[in-house]
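Structure, as structure tokens:
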Amino acid sequence: MNLQTASPALAWGGAIMLCASLITLGLSVIDPRLFQGASVWHKPWKFQISTVLYWWSLAWFISYFGPTEQFSWSRRFIVWMSLIAGLFEVVYISWQGAFGLASHYNTSSPFYGAMYTAMAVFAVLLTSTAGVLGYKVLRDQAQTFATSLALRHAIGWGLIISSVLGIVTGGILGGRANSGGHWVGGTTNDALGLMVLNWSRDGGDLRVAHFFALHAMQILPVMAMLFIWLTPSMSANTSKRFIWLLAFAYSGFCILTLIQALSGAPFMN
């Protein structure tokens with residue numbers, strides 16, 4: 001796996017964003033300002049790390065394709081739309097964080113309202129790139145995707161789950177600007193939430209379902225690689241069917257965490 005060969009833009013973009021995340025992490029240590037109980041730099045840092053994972057994951061999966069895919073229009077859309085949309089999200093969130101202001105759910109002025117709408121549009125465009133790549137992986141008629149059948153389906157379905165459920169859970173999150181934001185009951189303060197992730201421990205938190213949905217593209221392939229390693233003698237078709245079952249179960253888990261949050265129950269207490 002050579003990320004730079006597969007997509008220099010995604011590889012270098014992720015490396016630069018990782019460096020930015022280290023600077024942001026340092027700022028969170030030396031800057032005492034808080035927003036909703038957490039450092040003003042904590043949210044920008046989380047989004048920067050998430051964007052690194054997203055870009056490098058796309059490059060990882062693109063690396064499995066043969067050279068015939070290098071100049072396709074779909075590949076260009078996946079690479080450049082993910083970079084443009086991801087950069088817009090991170091820059092605006094980091095800018096707002098630097099001034100101790102909200103980025104999400106901030107409609108306090110016409111400008112902030114327009115930026116919140118723009119964030120929603122770019123978030124959908126960003127997440128759609130995973131769906132496009134997932135479709136290409138599963139519909140690879142030319143058999144250029146050089147990996148096992150089970151892993152190919154784990155990657156394909158993981159990407160599609162991230163795209164579809166990421167957009168659905170993100171839409172539900174985004175529509176709650178006037179009804180509590182991501183909190184459903186409980187304390188509306190990240191200081192009392194789970195370490196790092198800040199998920200509420202005394203009420204529902206819609207970030208949980210959104211997190212698991214977005215990271216299906218990493219979790220399912222890793223689980224598939226572990227399964228393949230543990231069952232080397234299993235036939236390709238049987239392994240593929242297991243991956244389908246795993247993808248269905250994972251989707252159900254994401255939906256259950258969404259229902260749990262909407263009911264006001266914490267994911268962990």
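The values are calculated or read from the model by the stated rules, or taken from the named source; none is laboratory data. Owing to the predicted nature of the structure, the values given are computational and were not obtained by experimental measurement. All Cβ positions, glycine included, derive from the backbone under ideal geometry; neighbour counts span all protein chains shown.
Here are the numbers for this structure:
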item	result
Selection within segment 9-33 - touching a residue at least 24 places away in the same chain (Cβ under 8 Å) and closer than 21 Å to ASP190 by Cβ	SER21, THR24, ARG33
Residue, farthest from TYR135 (Cα to Cα), within segment 15-73, restricted to residues that are touching a strand residue (DSSP E or B) at 6+ places or on another chain (Cβ under 9 Å) and assigned to a helix (DSSP H, G or I)	VAL29
Among residues of segment 82-108, those that are under 21 Å from ILE62 (Cβ atoms) and surrounded by fewer than 17 Cβ atoms within 10 Å (Cβ to Cβ), counted	1
Filtered residues of segment 154-166 (kept if farther than 15 Å from LEU58 by Cα and either crowded, with 21+ Cβ neighbours inside 10 Å or among the hydroxyl-bearing types (Ser, Thr, Tyr) (or both))	LEU165, GLY166
Residues satisfying the stated conditions in segment 174-223, i.e. of a type in the set (Lys, Arg) and closer than 27 Å to GLY134 by Cβ	ARG207
Filter result for ALA59 (touching a helix residue (DSSP H, G or I) at 6+ places or on another chain (Cβ under 9 Å) and closer than 23 Å to ARG176 by Cβ)	no
Segment 145-178: number of residues that are in a loop (DSSP other than H, G, I, E, B) and under 30 Å from ALA102 (Cβ atoms)	4
Lone qualifier among ALA209, ALA261 - being in contact with a strand residue (DSSP E or B) (Cβ under 6 Å, 6 or more places away or on another chain) and either assigned to a helix (DSSP H, G or I) or under 24 Å from SER82 (Cβ atoms) (or both)	ALA261
Per-region count, segment 109-130, residues assigned to a helix (DSSP H, G or I) and either crowded, with 19+ Cβ neighbours inside 10 Å or without any contact (Cβ under 8 Å) to a residue 12 or more places away in the chain (or both)	15
Criterion (of a type outside the set (Asp, Glu), within 19 Å of the chain's Cα centre (by Cα) and modelled with pLDDT under 95) met by exactly one of LEU3, LEU10, LEU58, LEU53	LEU3
Count - residues of segment 176-197 that are without any contact (Cβ under 8 Å) to a residue 12 or more places away in the chain, within 23 Å of PRO44 (Cβ to Cβ) and not hydrophobic (A, V, I, L, M, F, W, C)	1
